[in-house]
1. Suppose R0 equals 22 Å. What FRET efficiency, 1/(1 + (r/R0)^6) with r the Cβ-Cβ distance, do HIS28 and GLU83 give to the nearest 0.05?
2. Neighbour counts of other C-beta atoms within 10 Å: give me CYS109, CYS72, CYS49 arranged from fewest to most.
3. How large is the charge dipole for the chain, taken about the Cα centre, if only the Cβ atoms of Lys, Arg (+1) and Asp, Glu (-1) carry charge, to the nearest 20 debye?
4. Where is the GNM fluctuation largest for the chain (alpha-carbon springs, 10 angstrom cutoff): GLU249, GLU55, GLU215?
5. Run lengths n ≥ 4 of DSSP H only: what is the helix-derived mean residue ellipticity at 222 nm for the chain, with -39500 (n - 2.57) per run over all residues, to the nearest 500?
6. How much net charge surrounds ALA41 when only the other residues with a Cβ under 15 Å from the Cβ of ALA41 are counted, with Lys and Arg +1 and Asp and Glu -1?
7. Could you check the spin-label model distance between CYS72 and GLU55? Points 7 Å from the Cα along Cα→Cβ, value in nm.
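We did not get these values from a lab; they are worked out from the coordinates using the rules stated. Worth saying up front: this structure is predicted, and the values here are computed from it rather than measured. Because the Cβ atoms are built from the backbone with ideal geometry, glycine has one as well, and the counts that use them run over all protein chains shown.
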Amino acid sequence: MKIVLQADKIGKNFGGLRALDNIDLKIHEGEIVALIGPNGAGKTTLFNCITGMHEPTDGKVNVFPPGQSKTCVNGFKPNKITELGLARTFQNIRLFNKMTVLENVMVGCHCRNSNTFLEAIVRGPRFKREEKQTLENSQYLLETFGLIDFAHHLAENLPYANQRRLEIARALATDPFLLLLDEPAAGMNPNETNALDQLILKIRNEKKISILLIEHDMKLVMRISDRIFVMNQGKNIADGSPQEIRNNETVIHAYLGTE
């Protein structure tokens, strides 16, 4: 199975703190991989190193965009990594609150537009074609996520669970081959979480993309993951199928707890 992301020996220091230590992670095409571990284990720091929010102190993050050769993204700005085909959401929702739901998704689409600044001013035929395509793509995503009825509402007025869904829709609008979700079920009730896991599976199956998610809801993790990567104190302590992780004594002691 083709590798889409390979992180080799990733380390990250913040002053005297070693937040990540010698992390190896591979994601394959079409996989859903869950990243779990106690608070402070380094999960979001690893996300940030992959997506350009932080530069690793040591090690390399390599991505394999479709139709392109391997690219080391160390030192790349987040927008350049997005253009390569990685998109993410955040633990704390980061929407454009004073823009409409539709406009939020359209912003995501624009990283794939090829118009020059001059063409945007003149609004020539190619600009109009791309704007039409952007609108259609955005409306399709809102339909998929059950948000089309809120298209012209301000993002800040959406219920919390729908704000989470909107952030995922905006990430998908960038047309990624790898989607990174940072605690997508945080703050959701059980019914909302059940709907979310079905949506994540639908995204993977229909769009044929890989998904890496940080999540504390173990029921969701066990239901949808092909593989689970476990961290503790900045290190990888286990990597395997949900059944293997469920029965791993090291994981039980470090994260799931013991009686």
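1. About 0.50, to the nearest 0.05.
2. Going from sparsest to densest Cβ surroundings: CYS72, CYS109, CYS49.
3. 680 debye
4. GLU249
5. So the helix-based figure for the chain works out to -10500 deg cm²/dmol.
6. -1
7. About 1.2 nm, to one decimal.
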